[in-house]
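Visitor: Got a structure for you, written out below as structure tokens; questions coming shortly.
The values are calculated or read from the model by the stated rules, or taken from the named source; none is laboratory data. Predicted, not measured: the structure shown is a model, and the values here were computed from it. Please note: Cβ atoms are built from the backbone with ideal geometry, for glycine as well, and neighbour counts cover all protein chains shown. For the accessible areas, the whole protein counts, side chains as well, though only heavy atoms, and no ligand, DNA or RNA atoms are used. Shrake-Rupley method; radii C 1.70, N 1.55, O 1.52, S 1.80 Å.
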Amino acid sequence: MKPFKKITIIGVGLLGGSVGLAVRKHKLADKVTGFFRDKGKIAAAVKMGAVDEGTDDFKKAVAHSGLIILCSPVSDIIKKLKILKKIAGKTTLITDTGSTKLKIVKAAGRLDFIGSHPLAGSEQSGVSHARADLFKNSILILTPERCKQSRSLKRLTEFWEKLGSKTIVMTPEKHDRILAFSSHLPHATTFSLMHALPKEAIGFAAGGLKDATRIALSNPDIWADIFISNSKEIIRSITVFETSLKTLKKAVAGLDKKELVSFLIQAKDKRRLIPSKS
């Protein structure tokens, strides 16, 4: 018997499409339904196997669903949760894939909701880039608001682990504080770097610039939502980064090679601590 009779994916893009492909590959549901704002995209998603069926009728999409996964931008997730408070079934488990958590969890209220954040994906967007192995060996953060040992948490943990994720449980507050540094700050600095880059330098971009700015190709609407929904923690991380940049600037201005080498070694050693994805 499959874990769910019906799973509904709200927003069948890179993440949502990859969830659908993985769910169907691992046979975790009898049926996968996708909700699309643009019904013109349904046929392609069905053809590639991301969903069994699609609709632009939200109420129809979530009806009789055992698991609803919200894979749209943060602001839309919050809007959809308000609607689900009125129409979701009492036994329906709800989660999301948003990159911030506190505001989303608060918006869920008393729904059977547990926040999820798969640390997977890329700067690419759209269901055409989805793949069934996207979550393999990736970290998946779960942020339950109540009852950490609940049956719902157990079910959701098993679901993501069957998709290949390594699950970690933490509070929404801790999630937003940590991700402000590990994910949101890198995007903020990369977008800022591209803003600062003179147009005359673009034609001379070598590997370093290309590697450092790849994520500047990320979806602007999604990232505007992320910055706004976690503004307090992101501002804090930017402030810390500004302090670091000032230290580097001071050493360069003072032609202080000893300080520069020390600064660079510390950065290099810390970079080595980041695990490579196996």
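Visitor: Using a probe of 1.4 angstrom, how much of the accessible area of the chain is carbon and sulfur, in percent? Write down the numbers at each step before the final one.
Guide: Details: 9130 of 15990 Å².
Percent of accessible area from carbon and sulfur atoms in the chain: 57.
Visitor: By average Cβ neighbour count within 10 Å, what is the ranking of 189-202, 16-29 from highest down? List each step's numbers first, then the result.
Guide: Details: 189-202: 11.6, 16-29: 22.3.
Ranked from most to least packed, the peptides come out as 16-29, 189-202.
Visitor: What is the spin-label model distance, in nm, from residue 171 to residue 106 if the labels are put 7 Å beyond Cα along the C-beta direction?
Guide: 1.4
Visitor: Given contacts defined as C-alpha pairs under 8 Å and at least six residues apart, what's the relative contact order of region 135-219, whole-number percent?
Guide: On the way: 58 pairs, mean separation 24.8, N = 85.
RCO, region 135-219: 29 percent.
Visitor: Quick one: accessible area per residue over the chain, 1.4 Å probe, rounded to a whole number of Å²?
Guide: On the way: 15990 Å² over 278 residues.
The answer is 58 Å² per residue.
Visitor: Next question. Normalised by the residues of the chain, what does the relative contact order come to in percent, with Cα pairs under 8 Å and at least six apart? Working shown, then result.
Guide: Values: 433 pairs, mean separation 45.0, N = 278.
Relative contact order comes out at 16 percent.
Visitor: What FRET efficiency comes out for the pair residue 39/residue 1, r = Cβ-Cβ distance, R0 = 30 Å, nearest 0.05?
Guide: On the way: r = 32 Å, r/R0 = 1.07.
After rounding to 0.05, the efficiency reads 0.40.
Visitor: Same structure, new question: In whole percent, what relative contact order does region 37-188 give with Cα contacts below 8 Å and a gap of six or more residues? If you can, show how the numbers build up before the last one.
Guide: On the way: 199 pairs, mean separation 26.5, N = 152.
Averaging sequence separation for qualifying contacts and normalising by length gives 17 percent for region 37-188.
Visitor: Among the listed pairs 6/90; 41/162; 210/257; 2/27; 39/60; 6/82, which are separated by more than 18 Å between their Cα atoms? Intermediate values should be presented prior to the final figure.
Guide: On the way: 6/90 15 Å; 41/162 27 Å; 210/257 27 Å; 2/27 7 Å; 39/60 14 Å; 6/82 21 Å.
Beyond 18 Å between Cα atoms: 41/162; 210/257; 6/82.
Visitor: What fraction, in whole percent, of alpha-carbon pairs in region 148-278 exceed 27 Å separation? Please list the in-between numbers first.
Guide: Values: 3259 of 8515 pairs.
It works out to 38 percent of all Cα pairs.
Visitor: Please compute the modelled spin-label separation between residue 58 and residue 151, points set 7 Å along Cα→Cβ, answer in nm with one decimal.
Guide: Output for this residue pair reads 2.9 nm.
Visitor: Run the dipole for the chain about the Cα centre, Lys and Arg Cβ at +1, Asp and Glu Cβ at -1, nothing else charged, and hand back the magnitude in debye, nearest 20. Intermediate results must be reported in sequence, preceding the final value.
Guide: Numbers: 49 positive and 25 negative charges, 165 e Å.
Rounded to the nearest 20 debye, it is 800 debye.
Visitor: Cα-Cα over 31 Å: which of 86/154; 31/86; 103/268? The partial results should precede the final answer.
Guide: Values: 86/154 25 Å; 31/86 23 Å; 103/268 35 Å.
With Cα atoms farther than 31 Å apart: 103/268.
Visitor: Suppose only helical runs count, i.e. DSSP H with n ≥ 4. What mean residue ellipticity at 222 nm does that imply for the chain under -39500 (n - 2.57) per run, divided by all residues and rounded to the nearest 500 deg cm²/dmol? Working shown, then result.
Guide: Working: 13 runs with 135 residues, N = 278.
Here the helix-only value at 222 nm equals -14500 deg cm²/dmol.
Visitor: Highest first, please rank the peptides 167-176, 59-68 by the mean number of other Cβ atoms sitting within 10 Å of their residues.
Guide: So the order, starting with the most tightly packed, is 59-68, 167-176.
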